[in-house]
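The values are calculated or read from the model by the stated rules, or taken from the named source; none is laboratory data. Since we're looking at a predicted model, the values are computed, not measured. With ligands, DNA and RNA removed, areas are computed over all heavy atoms of the protein, side chains included. Shrake-Rupley method; radii C 1.70, N 1.55, O 1.52, S 1.80 Å.
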Amino acid sequence: MTSILILNGPNLNLLGTRQPEVYGSTTLSDIEAQCNAVAAELGIGLSFAQSNAEGALVDRIHDARGTHDGLILNAGAYTHTSIALMDAISSTEIPTIELHLSNIHAREDFRHTSYIARVAVGVICGFGAHGYTLALHAMARHLKAAT
Ligand SMILES: O=C(O)[C@@H]1C=C(O)[C@@H](O)[C@H](O)C1
């Protein structure tokens, strides 16, 4: 069975109350429930995790090699700074979709840089919580086409 890991970075555990005008009011646990429902419809396995620690996110990406076929990563602010996460994705060669709730290209200049996009299959941003299920559909289609 195809298996996808959805991995979330720093401050995303605060979704629901964190700047709802930017990130919406849906909590991360609600997003997880929505993703589990879509994964069941698609017949794919799903793992869902979050960490505020850059090294823990690197470890989760390493651990995904051999256990997951695709990665959907909202690295939060590490998107804009982390060569370590970029290298982890390159090292494991897991197809990766970069995901953001907000449209980072319409925000502050420092959010326009993404180290993840350099090693991603594609990028989804600006669709709020719905972006997670969009990314699931996109990754499922990408993996099916690759077989
Ligand atoms: O929109 C999002 O999901 C991203 C989430 C964050 O926490 C920010 O640091 C990023 O810049 C954007």
Problem - the chain - percent relative contact order, Cα under 8 Å, separation 6 or more - result: 27 percent
Handout entry: Within the chain, helix-based [θ] at 222 nm, where runs of 4 or more DSSP H residues each add -39,500 (n - 2.57), nearest 500
Key = -11500 deg cm²/dmol
Completion exercise
The answer for region 36-147, accessible area per residue at 1.4 Å probe in Å², is 48 Å²
Problem - As computed over region 3-146, the Cα convex hull volume per residue (Å³) - result: 92 Å³
Problem - Derived scalar couplings ³J(HN,Hα) [region 62-73; Karplus, 6.51 cos²θ - 1.76 cosθ + 1.60; whole Hz; x for Gly, Pro] - result: 4, 5, 6, 5, x, 10, 10, 8, x, 10, 10, 10
Exercise for the section: Quantify, in whole percent, the carbon and sulfur part of the accessible surface of the chain (1.4 Å probe; protein heavy atoms only). Expected result: 50 percent
Exercise for the section: Whenever you get a sec, line up Arg60, Arg107 from highest to lowest accessible area (probe 1.4 Å, protein heavy atoms). Expected result: Arg60, Arg107
Exercise for the section: Taking amide H positions as placed in the peptide plane 1.01 Å from N, state which residues far from Ile72 in sequence (5 or more) or on other chains have amide H under 5 Å from it. Expected result: Leu5, Ile6, Leu7, Ile97
Fill in the blank from the handout: Reported to the nearest 10 Å², Thr147 has, with a 1.4 Å probe, an accessible area equal to 140 Å²
Exercise for the section: Keeping every protein chain in place, order Thr79, Thr113 by accessible area at 1.4 Å, biggest value first, i.e. largest first. Expected result: Thr113, Thr79
